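Novice: Take a look at the following structure, please.
Please treat every number below as a calculation from the coordinates, not as lab data. Please read all numbers here as calculations on a predicted model, not as lab measurements. Using ideal geometry, Cβ is built from the backbone for each residue, glycine included, and neighbour counts are taken over all protein chains shown.
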């Protein structure tokens, strides 16, 4: 009896069946590998990271290519869900969240997955999980790389419920729990490079966490060390430079503050430090002994979030 012929396959030129399978598996793994700069290439990179890591309650409109519904990126949505589309009677706006219950280690791809989901779903739908599975387009295909974010910060989660809408017990309970845990926070430094949030953590502590934009890491750390060596790495009397976070490929300096001082009183000092860092980033001279000491101190107090 004659052997059955194998099903005709379209193989890449020069590849055997086995090689094609191995290449396909490698491509799948590569698609899900951790991206060191998940929002890299976007002008809104620092703002997206700040919203994901440091802002309790905030939203910002997003212009999504090929989609005429209003879309907002948010910190948290009810139930820590990934995305939702409001009913048309309540405006039909779509929301995608950065702080979610279920996620992968690639928040940029997760965001692309959620944005692609809202493009393909109807009002009233909710996306519970935003885990990217490799089917989503690149984030750069959905968002304008030059667009910045106009962030609105809230002190509670009342924006979850559109005006005139009724809520079920589950949503009401979720909102109450979120409101009970939210801390006071404000976006500060309108004219500075990157995105900075002031927050009152309670217990007599307040701080500013300042996500710097994409800068060469060594140059930025050296710049921080030079400014610190001059005694200028602070935001005025009663403030202290606390160290830096490293998150999603960017550096975020942190300053400890007096919570009794108004959040909007730091604008001038933030601008001063910003100008000093911008100048020193381009200084390629060798660090002196005091600057090297400050650099080691900064490195010893680095905390990597993800």
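Novice: How many angstrom separate the Cα center of segment 121-148 from the Cα center of segment 195-230?
Specialist: 30 Å
Novice: Continuing with the same structure: Roughly speaking, what is the centre-to-centre gap between segment 37-105 and segment 247-280 when only Cα atoms are used, to the nearest Å?
Specialist: Each part's Cα centre sits 25 Å from the other's.
Novice: Hey, in the GNM for the chain with a 10 angstrom Cα cutoff, which one of 201, 285, 50 fluctuates hardest?
Specialist: In this elastic network of the chain, the residue with the biggest mean-square fluctuation among 201, 285, 50 is 285.
Novice: Against the longest alpha carbon principal axis of the chain, how many degrees, from 0 to 90 and to the nearest 10, is the axis of helix 217-229 turned?
Specialist: Tilt of helix 217-229: around 10 degrees.
Novice: Assuming 0.36 nm per residue, please report the length gained on full extension of the stretch residue 119 to residue 205 beyond their Cα-Cα distance.
Specialist: Numbers: separation 86, 0.36 × 86 = 30.96 nm, distance 4.20 nm.
Difference between extended and current length: 26.8 nm.
Novice: Given 0.36 nm per residue, what is the gain on full extension from residue 152 to residue 172 after removing their alpha carbon distance, in nm? Don't jump to the answer; show the numbers that get you there.
Specialist: Details: separation 20, 0.36 × 20 = 7.20 nm, distance 2.23 nm.
So the chain would gain 5.0 nm between residue 152 and residue 172.
Novice: Between residue 161 and residue 272, what FRET efficiency follows from the Cβ-Cβ distance if R0 is 41 Å, with the result rounded to 0.05?
Specialist: Values: r = 41 Å, r/R0 = 1.01.
Approximately 0.50, to the nearest 0.05.
Novice: Evaluate the relative contact order of the chain (contact order divided by residue number), counting alpha-carbon pairs under 8 angstrom at least 6 apart; express in whole percent.
Specialist: Relative contact order comes out at 16 percent.
Novice: On a 0 to 90° scale, report how tilted helix 267-280 is relative to the longest principal axis of the chain, with both axes built from alpha carbons and the result rounded to the nearest 10.
Specialist: 80 degrees
Novice: Once the Cα atoms of helix 169-181 and of the chain are each reduced to a long axis, what angle between those two axes, in degrees from 0 to 90 to the nearest 10, is obtained?
Specialist: 30 degrees
Novice: Moving to a separate point now. So for segment 45-181, averaging the separation of alpha carbon pairs under 8 Å that are six or more residues apart and normalising by length, what relative contact order in percent results? Spell out each step's value before the answer.
Specialist: Working: 240 pairs, mean separation 35.1, N = 137.
After rounding, I find 26 percent.
Novice: In addition: Please figure out what share of the DSSP beta bridges in segment 45-181 is antiparallel and state it in percent, rounded to the nearest 5. Don't jump to the answer; show the numbers that get you there.
Specialist: Working: 12 of 16 bridges.
Bridges in segment 45-181 that DSSP calls antiparallel: roughly 75 percent.
Novice: Can I ask one more? Calculate, in nm to one decimal, what residue 68 and residue 43 gain on full extension: separation in residues at 0.36 nm each, minus their alpha carbon distance. Don't skip to the end; give the middle numbers.
Specialist: Values: separation 25, 0.36 × 25 = 9.00 nm, distance 2.17 nm.
Going from the current span to full extension adds 6.8 nm.
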